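The values are calculated or read from the model by the stated rules, or taken from the named source; none is laboratory data. Nothing here was measured: the structure is a model prediction, and the numbers come from that model. Every residue, glycine as well, gets a Cβ built from its backbone with ideal geometry; the counts of neighbours run over all protein chains shown.
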Amino acid sequence: MPARPVYPFAAIVGQEELKLALLLNAINPHIGGLLIRGPKGTGKSTAVRALADILPEVTIVEGCRFNCSPVDPTNMCQDCLARYRKDGTLPQSRRSMRIVTLPIGATEDRVVGSLDIEQAIKLGVRALEPGILAEANQNVLYIDEANLLPDHITDDILDAAASGWNIVERESISVGHPSRFILIGTMNPEEGELRPQLMDRFSLHVTVSEVLDEKSRVEIIRNNMAFSENPIEFAKSFEAEQENLRKRIQEARRVLRDVTVPDILLEVVARACITLKMDGHRPDIVIVSSAKTLAALEGRKEVSVNDILRVAKMAIGFRTRREGFEEPATAGEIQSTLEGALKEKGLMYASTS
């Protein structure tokens, strides 16, 4: 149990698509993150913070300020890499992944880190005072109100998200460190939209709304009252379900590398994305990667037709088409286009509606 109890992930009522998208990213960081859209009061931030208690463990270099991996040379800072090449091994420890929150109004130095120029000439990366992008390496970077992020901060995060590295440059001096993270953002569309460049950095998108079922709303009220009155006892009451989720995530991570995708499903995804006039190849890749992860979550080693159908809307329902000249595809368009591609290939499927 964490010292400061967070609202249990298992206690979230409804919002099944949101919970699935969060779990998929926790299992497979290579999916590329999640943007959660919806009005205030719909539990967006609660769901993200609830993820903290069920996140899997990661291995880090003990004592490294940049959370480097002790076994992956591509995720090591300059100093860790030099020690690794010299000794062939690095001291390591394991800990749970963390939710690193980007504070509203954070300065650029707080995000990328601050650099002493004179010391940088002598010490290299050791002269860099780590920022949020260092904390985020091998963790989750959470941006609340992502649509209100200043442009220069957005650019810093985009650069790190695209390259997996944070480069700090001051007066022709440049130092860097690895920064690979799961990017999760929340936003209220009523307050403005995201820049297209940042929009594309979130591989999955989910729109949430208020729960309209009376029974579910009553359960939400009861759960929130119980958590407010005694968060420790409330969290304990869900510990068995939380532990089950942790085990499912760990097992899915283990199974994921063995999950296969039939060639015919790759053809279906490619055909659907061509028909929908999707820009680039990222939509195809995200659908397949997410479908593989879903299969692993459910303990299967082969992706099914229904896996593709379940993740497609989250993966491509927001993306630009025809270089931005056409509106994103609707859920109905995505479903009917995939069904058409499946029929062309003679594949049967069960409705996911």
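Of note:
- Checked against (1) within 24 Å of Ser289 (Cβ to Cβ); (2) under 16 Å from the mean Cα position of the chain (by Cα); (3) at pLDDT 90 or above; (4) buried (at least 17 other Cβ atoms within 10 Å of the Cβ), Asp144 meets all criteria but (1).
- Screening Thr207 with (1) out of contact with any strand residue (DSSP E or B) (no Cβ under 7 Å at 6 or more places or on another chain); (2) modelled with pLDDT of 90 or more; (3) surrounded by 15 or more Cβ atoms within 10 Å (Cβ to Cβ) gives one miss only, at (1).
- Residue satisfying condition, being touching a Pro at 6+ places or on another chain (Cβ under 9 Å) and over 19 Å from Ile221 (Cα atoms), within set Pro56, Pro29, Pro39, Pro70: Pro70
- Residue tally, condition in a helix (DSSP H, G or I) and either more than 19 Å from the chain's Cα centre (by Cα) or buried (at least 23 other Cβ atoms within 10 Å of the Cβ) (or both), over region 162-176: 0
- Scanning region 314-345 for residues that are touching a residue at least 40 places away in the same chain (Cβ under 8 Å) and basic (Lys, Arg), we see that the one that is farthest from Leu18 (Cα to Cα) is Lys345.
- Of all residues in region 48-71, those being surrounded by 17 or more Cβ atoms within 10 Å (Cβ to Cβ), in a loop (DSSP other than H, G, I, E, B) and within 20 Å of the chain's Cα centre (by Cα) number 5.
- Residue within region 306-317 that is surrounded by fewer than 16 Cβ atoms within 10 Å (Cβ to Cβ) and modelled with pLDDT of 95 or more present: no
- Checking the stated criteria, Thr74 turns out to be of a type in the set (S, T, N, Q), over 21 Å from Ile249 (Cβ atoms), more than 17 Å from the chain's Cα centre (by Cα) and surrounded by fewer than 19 Cβ atoms within 10 Å (Cβ to Cβ).
- Just one of the listed residues (Ser203, Ser228, Ser174) is assigned by TED's automatic domain parsing to the domain that holds Leu24, over 22 Å from Pro103 (Cβ atoms) and without any contact (Cβ under 8 Å) to a residue 24 or more places away in the chain, namely Ser174.
- Reported count of residues in region 126-156, each being of a type outside the set (Gly, Ala, Ser) and in a loop (DSSP other than H, G, I, E, B), is 7.
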